[in-house]
Every structure is written in structure tokens, then in C-alpha cells.
């Protein structure tokens with residue numbers, strides 16, 4: 001049995017709790033420690049429990065930091081299981097944010113490329129923060145295997161068609177919504193479906209979850225092309241979308257903004273450009289062309305790429321910045337990458353010649369994400385690390401999603 005004197009316990013907590021600030025000691029027979037209320041003469045066991053909880057959280061954070069440090073040192077990712085572990089490793093700021101927020105999290109469109117590991121990150125970050133909450137993923141789940149995997153990782157699942165009003169109204173209530181539903185690939189030839197998913201659905205979701213906090217994914221495509229010399233579009237820049245996909249995504253933003261103002265719903269709009277992992281992304285597209293001896297197009301000669309795990313962390317952190325009108329943030333890698341140079345780096349890794357087609361233009365689809373780094377910190381995984389991992393993955397025949405990004409299309413046709 002551990003006996004802790006009140007004065008000692010309070011002082012010890014103040015030493016180790018930072019940033020969980022304890023309120024000052026109150027005079028009289030009662031005072032508060034953490035979220036507990038203790039009676040005079042009966043505080044020892046409760047204070048000891050508080051100390052245990054805080055120490056447990058600190059140890060979990062230390063393990064999190066150690067895993068992050070190890071990931072920076074690795075030159076290879078063994079398999080999909082290890083990859084998913086890396087992609088769902090919470091950022092420290094994501095754990096802090098979810099620790100400060102109340103309520104459950106519903107992720108709409110969890111079945112996409114980024115949704116499963118973001119959902120798992122939300123669950124892991126909540127556990128690190130010591131918060132008990134439901135994380136619920138909503139999708140049509142064309143793959144039963146994905147649904148089973150999410151459930152095994154502690155993420156609840158709900159099958160539903162979000163465009164069906166009855167299905168949408170039957171979804172669980174939640175204080176926090178991550179909107180990931182949308183349509184990009186196959187837009188050409190299915191324009192009406194694209195607009196329904198990207199612009200009409202946000203209105204339905206805004207009404208269904210008008211009392212919630214919403215983080216809605218958008219895209220850097222809403223900016224259109226910008227001069228490479230300027231270093232990428234900023235959040236305050238004029239929008240100039242090209243093509244049905246980008247225009248419908250701007251429609252998504254405008255609809256969310258309308259309902260945010262009308263219903264006073266706190267929202268964040270996340271302009272992502274481009275999330276990358278080892279199975280999918282612009283860097284994988286370039287790597288596969290080099291490895292297969294195919295020419296690399298230079299029509300879009302420059303790009304941004306951000307590790308998907310870092311993009312997920314920033315997206316969850318943006319829940320804490322939701323506001324009326326919506327808080328808008330670019331989520332992109334810090335490097336302005338040359339497609340030519342990236343291709344040459346892959347060629348050097350494999351001692352392969354590299355062929356190109358076309359020439360670089362003076363403009364490209366680029367985002368400046370300085371604001372996000374100031375708020376959330378810089379990405380943990382940089383472009384050099386991604387290139388190293390992807391080169392190893394591709395050379396070993398690692399699995400891919402077989403979904404080219406079509407990053408080279410300057411007219412916005414997907």
C-alpha cells in the first residue's frame with residue numbers, strides 16, 4: 001500500500017504533470033486534483049490514482065517519441081503491417097488535441113486511401129491522451145476485410161450510403177466529424193456523380209451534424225496553377241480551379257462555409273496536396289515509371305508531397321482549430337520538389353537510366369503550408385526519407401493500390 005501525504009502529492013503532481021496544469025489548492029475542507037474532488041482526510045488513495053494516471057500517460061508519450069525517433073532511422077519498411085503501424089503513429093500534437101476535445105469521432109468516408117490509418121491514429125491518439133471515446137468509421141465497405149481490420153483495431157464501423165438521407169440520419173451522433181467522402185478518380189464521364197458527392201453531400205452532412213465540430217478534407221486543386229517562383233499558393237490567395245473535379249471541390253468548400261455561417265457550426269477546411277505513402281502517391285507514380293524504364297512526364301514539373309501519417313496527424317489537430325467561419329489550412333510537404341530531380345534520385349538508387357518526356361513549365365499545382373507548420377509543427381518524415389522507403393519498397397515488389405494520381409494532368413481531368 002502506498003501512502004501519500006496531501007501536500008507531497010500535490011507538489012509531486014505539479015512537478016510531473018506539465019502541461020496538465022493543476023488548479024491551485026483551495027482553502028477549506030475540499031479541493032480539486034485533476035478532475036476529481038477530494039474530501040479532507042480521504043484524499044490519499046485518490047491522489048495516488050491521479051499520480052498513477054499521469055505517470056502512465058507520460059510513459060505512453062515517451063514510447064511514442066521513441067517510436068518516432070526509430071522510424072526516422074529506418075531505411076526500409078518490412079511489410080504492410082509495419083507500414084500501417086507507421087502511418088497510424090499519432091503525432092504528439094494530435095494526442096494533445098484529442099486529449100483536449102470531448103466526445104466521440106465519426107469519420108465519414110473511412111474506406112478511402114487515407115481513412116483507415118487516420119481512424120486508427122485517432123483511436124491510438126485518444127488512448128495516449130487517456131481519453132475514452134468511440135471512433136466510428138462510416139463507409140459502404142465494398143471490402144469486408146477492411147471492415148474487419150478496423151474493428152480489430154478498436155474502430156467501430158457503420159455501413160451506409162451517405163447520399164441516402166435515411167442512412168445519413170441513422171448515423172450515430174458525435175461531437176467531432178472528419179469528412180473524407182468525395183470523388184476524384186473517374187470524374188471524367190461521371191460529372192454529375194462527382195458534383196453530388198463533392199458539393200451536394202456536404203450540405204446534407206452540415207445539417208445532420210450542425211451541432212458538431214467538423215474537419216472537412218478539400219484539395220490544393222482549388223488554387224489552380226501558380227508560378228513556381230512564388231513557392232506555392234497560400235490560404236488567402238484567390239482560387240482558380242481547373243476541371244470538374246477541382247470546381248466541385250470548391251463547391252464543397254462554399255457549401256460547408258454557408259452552413260457554418262448559417263448554423264454557427266465550427267469547421268476546418270483542409271486543402272491537402274499530396275498525401276503519399278509507399279503504396280500510393282505522386283512519388284510512387286514517379287518511382288514506378290523509373291523502375292519500369294518508362295519515360296517520366298515533366299508537364300507538371302514541380303510538386304509537394306507529405307507523408308500520409310503527418311497529413312493525418314495535422315488533420316486531427318485541425319479539429320481543435322475549427323471555427324465560424326471555417327478555419328482554412330493547407331496541408332502539404334515543405335519541399336518544393338522537382339519531378340526531374342526526384343526521378344533522377346530513384347534512378348541513382350537502382351542504378352537505372354531515367355527517361356523524360358516534355359519540358360517543365362513555369363507554373364505548377366503547388367501549396368505553401370507554412371501556416372500549418374507554425375500551428376502543428378513540421379512533418380516528421382521528409383521527402384528524402386519517403387524517397388528512400390519508396391525505392392526500397394518498389395524494388396522488393398511491395399504491394400501498391402494500383403491507382404495512378406495523374407499528377408501530370410494540367411487540365412484537371414481525373
- Selected residue [touching a helix residue (DSSP H, G or I) at 6+ places or on another chain (Cβ under 7 Å), under 25 Å from residue 222 (Cα atoms) and surrounded by 17 or more Cβ atoms within 10 Å (Cβ to Cβ)] from 377, 309: 309
- Of everything in segment 180-207 that's over 21 Å from the mean Cα position of the chain (by Cα) and surrounded by 21 or more Cβ atoms within 10 Å (Cβ to Cβ), which residue is farthest from residue 270 (Cα to Cα)? 187
- Residues being surrounded by 20 or more Cβ atoms within 10 Å (Cβ to Cβ) and farther than 21 Å from residue 191 by Cβ: count how many of those fall in segment 227-265. 5
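For residue 64, state whether it is at pLDDT below 95, under 21 Å from the mean Cα position of the chain (by Cα) and not assigned by TED's automatic domain parsing to the domain that holds residue 320. Talk me through it step by step, then tell me what you get.
Working: at pLDDT below 95: yes; under 21 Å from the mean Cα position of the chain (by Cα): yes; not assigned by TED's automatic domain parsing to the domain that holds residue 320: yes.
It is true that residue 64 is at pLDDT below 95, under 21 Å from the mean Cα position of the chain (by Cα) and not assigned by TED's automatic domain parsing to the domain that holds residue 320.
Kindly indicate the residue of segment 162-174 that is touching a helix residue (DSSP H, G or I) at 6+ places or on another chain (Cβ under 8 Å) and under 30 Å from residue 132 (Cβ atoms) and also surrounded by the fewest Cβ atoms within 10 Å (Cβ to Cβ) among those meeting that condition. So that I can check it myself, show each step before the final result.
Applying the first criterion (touching a helix residue (DSSP H, G or I) at 6+ places or on another chain (Cβ under 8 Å)) to segment 162-174 yields 162-163, 165, 168-169, 171.
Those still in the list that are under 30 Å from residue 132 (Cβ atoms) too: 162, 168-169, 171.
Values: 162: 20, 168: 19, 169: 10, 171: 18.
Filtering segment 162-174 for residues that are touching a helix residue (DSSP H, G or I) at 6+ places or on another chain (Cβ under 8 Å) and under 30 Å from residue 132 (Cβ atoms), the one surrounded by the fewest Cβ atoms within 10 Å (Cβ to Cβ) comes out as 169.
Each row is one residue, and each column tells you yes or no for (1) outside the structural domain of residue 178 (by TED's automatic domain parsing); (2) under 27 Å from residue 246 (Cα atoms); (3) in contact with a helix residue (DSSP H, G or I) (Cβ under 7 Å, 6 or more places away or on another chain); (4) buried (at least 17 other Cβ atoms within 10 Å of the Cβ).
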site	(1), (2), (3), (4)
319	no, yes, yes, yes
326	no, yes, yes, yes
329	no, yes, yes, yes
332	no, yes, yes, yes
337	no, yes, yes, yes
362	no, yes, yes, no
368	no, yes, no, yes
383	no, yes, no, yes
- Note on the structure: Within segment 285-300, the residues that are surrounded by 19 or more Cβ atoms within 10 Å (Cβ to Cβ) and either touching a helix residue (DSSP H, G or I) at 6+ places or on another chain (Cβ under 6 Å) or on the phi > 0 side of the Ramachandran plot (or both) are 286, 287, 290, 296
- Of (1) surrounded by 14 or more Cβ atoms within 10 Å (Cβ to Cβ); (2) without any contact (Cβ under 8 Å) to a residue 60 or more places away in the chain; (3) in contact with a helix residue (DSSP H, G or I) (Cβ under 8 Å, 6 or more places away or on another chain), residue 132 fails just (1)
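Being in a helix (DSSP H, G or I) and either without any contact (Cβ under 8 Å) to a residue 24 or more places away in the chain or under 18 Å from residue 394 (Cα atoms) (or both) is the filter here; which residues of segment 340-364 pass it?
If the condition is that a residue be in a helix (DSSP H, G or I) and either without any contact (Cβ under 8 Å) to a residue 24 or more places away in the chain or under 18 Å from residue 394 (Cα atoms) (or both), then 341, 342, 343, 344, 345, 346, 347, 348, 349, 350 are the ones that fit.
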- Query: Would a scan of segment 106-120 turn up a residue that is surrounded by fewer than 15 Cβ atoms within 10 Å (Cβ to Cβ) and at pLDDT 95 or above?
  - Reply: no
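Are any residues in segment 392-408 part of a loop (DSSP other than H, G, I, E, B) and either surrounded by 14 or more Cβ atoms within 10 Å (Cβ to Cβ) or within 21 Å of the chain's Cα centre (by Cα) (or both), and if so, which ones?
Going residue by residue through segment 392-408, those that are part of a loop (DSSP other than H, G, I, E, B) are 396-408.
Residues satisfying the conditions are 398, 400, 401, 403, 404, 405, 406, 407, 408.
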- Task: Among the helices (runs of 4 or more DSSP H) lying completely within segment 73-184, list those that include at least 2 residues that are touching a strand residue (DSSP E or B) at 6+ places or on another chain (Cβ under 9 Å), assigned by TED's automatic domain parsing to the domain that holds residue 326 and closer than 21 Å to residue 309 by Cα.
- Result: 80-87, 115-128, 144-152
- Message: Condition first: modelled with pLDDT under 95 and in contact with a strand residue (DSSP E or B) (Cβ under 6 Å, 6 or more places away or on another chain). Now tell me which residues in segment 251-291 satisfy that.
- Response: 273
- Query: What's the number of the condition residue 177 fails, among (1) under 25 Å from residue 143 (Cβ atoms); (2) exposed (fewer than 14 other Cβ atoms within 10 Å of the Cβ)?
  - Reply: (2)
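The values are calculated or read from the model by the stated rules, or taken from the named source; none is laboratory data. On a predicted model such as this, the values are computed, not experimentally measured, just so you know. Every residue, glycine among them, receives a Cβ derived from its backbone with ideal geometry; neighbour counts consider all protein chains shown.
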